[in-house]
Amino acid sequence: MQSVGVELHKTSLFLTDYREIILEIADANPDAAERLCDAVESALKLLSQHPQIARKAGFAHAPKVRRWVLQSFPNYSIYYKDHPGEIVLIRLLHGARDAPPLIHRHKNRVGFSLQKFSGKSG
């Protein structure tokens, strides 16, 4: 029997990152954008099954944040925090971005919207 895994919650910043990255790639290469969507969704399923599989990102200001590099798109990483029974997806960033300040911005945000992971691309 397959384990259900923990709930995944996408912050508004994660959703914005995801949308912007896919739209930018789709302009140049729709097939690559589809493959990236598949890679993200596969990673989310894996993380829901194994929340602590990723290493901690090593941010002094956000020590509990983990970083998962997408295997088929190693320039992209998912940043998240795992809590008992759930994962909060913070950002989806390209490796060229300066992640620590972007993660810090999230940490200091008073409110952010969450969306439960549906298991569907998009």
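Quick notes on this one:
- The range 1-56, subset touching a residue at least 60 places away in the same chain (Cβ under 8 Å) and outside any helix (DSSP H, G or I), residue farthest from ILE90 (Cα to Cα): VAL6
- Members of the range 66-85 found to be assigned to a loop (DSSP other than H, G, I, E, B) and of a type in the set (Gly, Ala, Ser), listed by number: SER72, GLY85
- Candidate set from the range 45-86 (those that are over 14 Å from VAL6 (Cβ atoms) and among the charged types (D, E, K, R)); member that is surrounded by the fewest Cβ atoms within 10 Å (Cβ to Cβ): ARG55
Each reported figure results from applying straightforward, stated rules to the coordinates on display, with no laboratory input. Only a predicted model underlies this, so the values are computations on that prediction, with no experimental measurement involved. Using ideal geometry, Cβ is built from the backbone for each residue, glycine included, and neighbour counts are taken over all protein chains shown.
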